[in-house]
Structure formats: C-alpha cells, structure tokens
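To keep things clear, I will list the structure first and then write my remarks on it.
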Amino acid sequence: MSDDLPVRDDDTASLDEALSATVRRTGALAGGLYLLAAREPMLGLAAVCGMPTATVAPWRRVAISAAGPLSEAVREDRLVWVGRQEDLARVYPNAAAGMPYQFAAAFAPLHGDRRYGAMVLVWSRSHPPSLTPRERGQIQSSARRLTQVLDQAPASWALPDQPRTVPLRRPDMASAQARLAAVDLVQRLPVGALGLDLEGRVTYLNDAAAQLLGRPADRLLGTMPWQAVPWLDDPVHEEHYRAAVFSREPVAFTALRPPDSWLDFRLYPDESGISVLVSRNRSHQHPPDGPPPRISAPLTSPPGPATGRVHQLIHLSAALSQTVTTADVIDVVADQILPAFGAQGMVISTADSGRLKITGQRGYDPRTIARLDGLPLETDVTPAGHVLRNATPAFFADPDEMARAYPRAPALSGKQAWAFLPLVVSDRRVGCCILSYDRPHPFGAGERAVLVSLGGLIAQAMDRALLYDAKHDLAHGLQQALLPTTLPRVPGLDVTARYLPSAHGMDIGGDFYDLIRLSDTTAAAVIGDVQGHNINAAALMGQVRTAVHATASAHPEEVLVRTDRVLADLETDLFVSCLYIHIDLAGHRLHLASAGHPPPLLCTVAPTPHTRVIDVEPGPLLGIGSTPGTDYPVTTTPLPTGSLLALYTDGLVETPHTDITEAIDALAQHLTTASSRPISDLADDLLRYAVPRHTHTDDIALLLLRNR
C-alpha cells in the first residue's frame, strides 16, 4: 500500500499500546488508527483495537476526498463528532449506507510534524449525543499522544498489508481455581453457553450448547457458528453477531433448527468477545402446512463474513456514486475494490471503434499493457472480448483453468487468477473490468455474486464518466484557448502564472489572468473570476479578457467602467470580480482598481522581507448592473525595486469556517518566508501551501510579478 520505509517492531508496539490506552482512557468501546498512504490520496486502516478487523473491512481504505466524517477530519484538521446514527445519515448519507448500526463516534486528526491521518473512537448508542468539554479534551490529548509516537519514530510509517488487531489489555482478576469453578458452573447450566472472540470464533462451549447445535465440541471450537452449522448459515444470523459487536448491546434472535426445532440465541458482548446463551423456544413452532424452512448452502466464499460482503458492496457503491471522471472510477476500483477483494492487479478497458482500449490499470508491467491495448473485440488472446460481447462474466481460479480456454493468456501477464466482469449498461457494451491475483484464487459463489453486482455498478459509473470526459474535453479545450498561452516579456519584470481547476466538477471555470505590455516601462496586470464553473463562465471570461485588452491603455478606472458596459450589452446574468493594475516601472508606482476582487499582496525585501496587503477600495462587481456614475476608485502605491506582487483568485484563500481576511494574512506571512525562492518555484510553493488547507472546490488563478 505504501512505498515508505518499514517501521521497527518496537515502534509498532508503542503505537499499539498508545491506541489501547486511548480506548481505555476515553471509555470508548473500540478505536482505529488510519494512516495516509504514500503518494496516494487515501487513508488506510493500520490498526484496530476492541473490534474485529472483519467488521470494519468495508472501510479499510477511504479516499481523503470522500464525503465522510473520517475524510473531513483529515481535510479540515478538526475533531468531527457523530453522536447518533441518524446524524450520520443526515450529514454523511453515503457513509451511513454501509454502516447501519447505532453508535457514537469521534474522528480526530493526527497532525504533527506532518499529516499522519486520523484516530477513530466508537461508543455505544447509550453515550449522550454530545461530547462534554472534558471528553473533547481527553480525545484531543489522546490524539496528541498518538501523534507524538508517530513523530518520534526514526523511520517513516508504512501501512501494513493487513490491519493490526490490537488487544485491549485489562488485568486478569481470576485465579486458576476460580476459572475451574467457572467451567464447572457453566457445564451444569441447563442452557447452552458459548464464548466467541471478537472475530466470531468459538472459544468455549458447554455440552448443552454442542447438543443444541447438533455438532461435537471439537468441530465447533475455533470456527464461526454460521460456517460450522449449516442451518445457521444465513446472513441474517450473522448480522445479529455484527450488530452485537458493533453496538456492544445485547442482541436476541430465534433460529430454526430443521426440521421443526426453534432455538433462542441471546448475545452479550463486551470488549473481549461475546457470551452466547442458547435455549429451546417451545412457543415458536413451524406451521405444518406452511412453506418448508429455508436452509442455506455452506459458505464457499473466501474468509470474511457474508454480511460483511453486503456492507462492503454498499460502501463501494457509495464510493462509485461520487466519481465524476474515468480517472475517478479507476482510482476507486484500484484503491478500494482491489484491496477489498484481495486482488493485486486491475485493468479497465472500454469499447472504442471495435477495439478494447485500456483506460486504466494497476499492478501490471507497462510492456504488458502495451501488448494488450487495442485488441479487437473478437480477440481470442484473452477472454475480455468474449466476456463483453456476451455480457457474461468469467472467473479463472488458476493458470491451468485459463490455459484450457485461452492458451496464450497466462503467459501475457504472469498473473495466477482472474475475474473478468463485463461493463454493460442497458445492453450497451461499455467495456470490461479485470481483477487479477498473484496467486491461485478460488472464487466462491458468494464472492462471484458480489463481483457481478459490483461490475454493474462500475459499468454505470464508467458510462457516466465517459460522457462527462467527452464534454469536459470540449469545455477544457475552449478554456485553454481563452487563457494566454504565454505572457509577454516586459523589461525589468519577472512574471509567472498558475491555473489550477477545482478538485471536483467540470475542471473548467471563469478564473483568468493576463499581462499586457503597454510600453517598455509600463504594463497592465489583470486577474479576475467569473461566477460559475461551466462553458458559459469560460466563454464570458474570454469576452472580459478581450474587453480589458481593448481598453488597457486607458486609466484603470475607465478600463473597468468600459468592461462593465460590455457585460451590460451582453445581458449576461453572471457577475465578474476583477483587479486591474497599471504598472509604472519607471516611476516605481502601481495604480490599482478593483471590481470586488480580493486585494493583492506586495512583498518588499528592504530592509527586511515584509509582505503587506494592499488596501484597494473595491467598486461593484462587473455585470451587476451598469449605471451612470459607477465608480471604481483608483489606489496608488509605491513599487520598490526587488518587490514581489501577488495577484490571486479567492480559491487560493477560501477556507470553511475561517474569515477570509485571516486566510489572506496567513498567505502574506507564508509569502514573506518563501519570497527568496525563484519566482516559478514560489508559485508552486504557494499552491502547495494553500491547497491542503482548503476544500479546493473553486478554481485557483495566481499571477506573480517581481520588479527587478
């Protein structure tokens, strides 16, 4: 999962001990530790304490951009509290879809020398819906302790292949004699008694339990009841176990032991496992003339609860529902679906002009991809074409099985097992998704069913993404044609610019910048933001740039007045913020006029580096309604030699729950510390500084000018 260096065993032990202590100290039922993956926008579950890893398998990998409390805590660097399951459903509906339990949870970021990830703590629903100040302080201090352990590690932290299970350490209060007495007591009980660990495995049972379940004790110990007892092999029964583990509240249900015996099961969970009492229910009889009882076949899927697969499917479908581009779909498949099903490789091909064009892949040699890219749909080299043409999935558990049908396929990639899933939407062939394994992998009936369902969800997401990408390419091409390809050379002035589209949406908007050379000693710098993120905004941006160019030699106030009149003639309903600066290099002066745009920053170097916000009195936004006498006041300020001027759009400084003035002041302080860098490196540094601190849901335009 990560390219970081491995962590020493004693460092891992310190982290696990800190996590276990946190769960005990805060009174939580369980806790989890999520770490950032190296060079991936993902959070991975590194360790879980007080909860079986199988229970949280659907959330082993979470995208930082996902709409959920964990991602939000890391993105916004704040404690996120969810006091009720209904709160989760209201605020984070996608996250709640795969977590249908009653609980309370805190999500605390781990931010020390760098951003490490987050800590999650879970309580039962009996916890009050709000945190007390003392509890909030305990959680935050515990997060700081975990962060200190991470900071003090000599090596970089890496995500393990499998999450570590951290035991909750508690004192052993029972003597050996007391334990023997307890065993005798349980054996004398007239009801069945079982002990399950948190993973659901039977650790102890009395003779009555073995008799009621109809299995010898040696065939039940170490197994999960729903796997060892055929008539308990029903996802409903397993879900009762999961609900008990997750909520830590007693759960009771009744199950039919064929042909006509009904048994009552009562589950009592705590942090170490579950105590189960089994007794006969004589009042609940199966009607003799009713339908025969439904008995499920024995589990044949790989290790992992069947209901866990269902919740996993819900969780992954929620992740796919948030994808926009084909790159988003590929990232979700690679980052969440691959680890969820234990696969090591993935290829997604789309049907294009009778050929299979590889759109994305993970875990393959580029030379292999080059050989497979562009194969015709009628190919017999791999099953992909046949699978797509017939809309029928294909599973191959080992190379021999593959070679019997497609002799050349196993040697192409060196993989050992494959699942070929057709991507079909309303009889329209979209493409094929291939999951592959480095070792032979038997596909059980349950796993095949989930993968087929998942293929349908991937197909719908990919179909939407392909349509979006086609529209985006057209729109993005329009915008790139409207932004300046190069900036003019002005003697004595170093210039660089950056444009960064928003993280979500069309990747197109109305942010623009420009530099206009007026003479050897004068120039005009312009930056603006058209309302909206669509083709209309981009088109209006081009018209605004043209209007500014046409009047650039005029006084700054007149430039904005004339541009405002152009927008009035266009009768657009979009507003535009704009900052126009006339730069007089010979006179070392700036003349600025603003139409509601964020103020620029001026960094001077003498006697010491210092950045100030230029206080420009703003006029009305362009397009808001031109009236006679509309005024755009002009501000004049010195331009010392060697100073740096920074123009930007609000996407660089907007932060939720933060005053924009404070964000601009923070940007000014950072500009002071980094101002000695080359101007191109400085522009990249400002983007790196700003983007992690903001939601990045708006475009960013940045124009830097240094007076030599």
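The values are calculated or read from the model by the stated rules, or taken from the named source; none is laboratory data. A quick note: this is a predicted structure, and the numbers were derived from the prediction, not measured. Positions of Cβ are generated from backbone atoms using ideal geometry, with glycine treated the same way; all protein chains shown enter the neighbour counts. When the accessible area is computed, the model is the full protein with side chains, heavy atoms only, and any ligands, DNA or RNA have been set aside. Shrake-Rupley method; radii C 1.70, N 1.55, O 1.52, S 1.80 Å.
Shape analysis of the chain yields a ratio of the Cα radius of gyration to the Kirkwood radius, Rg/Rh, of 1.06.
How large is the charge dipole for the chain, taken about the Cα centre, if only the Cβ atoms of Lys, Arg (+1) and Asp, Glu (-1) carry charge, to the nearest 20 debye?
Values: 61 positive and 76 negative charges, 341 e Å.
Roughly 1640 debye, rounded to the nearest 20.
Which log10 I(q)/I(0) values does segment 562-668 give at q = 0.12, 0.17, 0.19 Å⁻¹ under the Debye formula, counting every alpha carbon as one identical point scatterer? Reported log10 I(q)/I(0), two decimals: -0.49, -0.88, -1.02. Segment 560-574 and segment 351-417 have Cα centres spaced 56 Å apart.
Between E17 and E249, the FRET efficiency from the beta-carbon distance, with R0 = 41 Å, is close to 0.90. Go ahead and collect, in residue order, the members of segment 578-616 whose backbone nitrogen is under 14 Å from a label point 7 Å along the Cα-Cβ direction of T661. It comes to 599, 613-616, nothing else.
The label-point distance for I535 and D380, in a model that sets each label 7 Å from Cα toward Cβ, rounds to 4.6 nm.
For the chain, the longest principal axis of the C-alpha atoms and the axis of helix 176-188 are separated by about 70°. When the convex hull of its Cα atoms is viewed from all sides, segment 180-278 shows a mean projected area of 6.0 nm².
Got a number for carbon plus sulfur as a percent of the chain's accessible area, 1.4 Å probe? Taking all protein chains in place, the chain shows 53 percent carbon and sulfur surface.
Can you give the FRET efficiency to the nearest 0.05 for S279 and R134, using r as the Cβ-Cβ distance and R₀ = 56 Å? E between S279 and R134, to the nearest 0.05, is 0.85.
For segment 462-606, the Kirkwood hydrodynamic radius comes to 16.4 Å, computed from all pairs of different C-alpha atoms. Estimated at 0.36 nm per residue, the fully extended path between I679 and R389 surpasses their Cα-Cα distance by 98.9 nm. In a DSSP loop and with at most 12 other Cβ atoms within 10 Å, the GluC sites (Glu not before Pro) in segment 524-600 are E571. Which value in nm describes the separation of the simple spin-label points at K471 and R408, placed 7 Å from the Cα toward the beta carbon? Label at K471, label at R408, 4.0 nm between them.
Each Cα pair under 8 Å and six or more residues apart adds its sequence gap; the mean of these over the residue count of segment 336-382 is a relative contact order of 31 percent. Please identify every one of the trypsin sites (Lys or Arg not before Pro) in segment 99-137 that sits in a loop by DSSP and has no more than 12 other beta carbons within 10 Å of its own beta carbon. Passing both the DSSP loop test and the Cβ count: R114.
Tell me the trypsin sites (Lys or Arg not before Pro) within segment 412-504 that lie in a loop according to DSSP and have at most 12 other beta-carbon atoms within 10 Å. Mind showing how you got there, number by number?
Numbers: sites: K415, R428, R429, R448, R464, K471, R489, R498; in loops: K415, R489.
Within segment 412-504, the qualifying trypsin sites (Lys or Arg not before Pro) (loop, at most 12 other Cβ atoms within 10 Å) are R489.
In this simple spin-label approximation, Q669 and S426 carry label points 7 Å from Cα along the Cα→Cβ vector, and these lie 5.5 nm apart. Residues in segment 340-351 carry Karplus couplings, in order, of 5, 10, x, 8, 10, x, 8, 9, 10, 10, 10, 6 Hz; the curve used is 6.51 cos²θ - 1.76 cosθ + 1.60 with θ = phi - 60°, and Gly or Pro positions show x. Summed over the residues of the chain and divided among them, the accessible surface reaches 44 Å² per residue at a probe radius of 1.4 Å.
Residues in segment 133-143 carry Karplus couplings, in order, of x, 5, 4, 4, x, 4, 5, 5, 5, 5, 5 Hz; the curve used is 6.51 cos²θ - 1.76 cosθ + 1.60 with θ = phi - 60°, and Gly or Pro positions show x.
Evaluated at q = 0.14 Å⁻¹, a Debye calculation over the C-alpha positions of segment 320-466 (equal weights, vacuum) places log10 I(q)/I(0) at -0.58.
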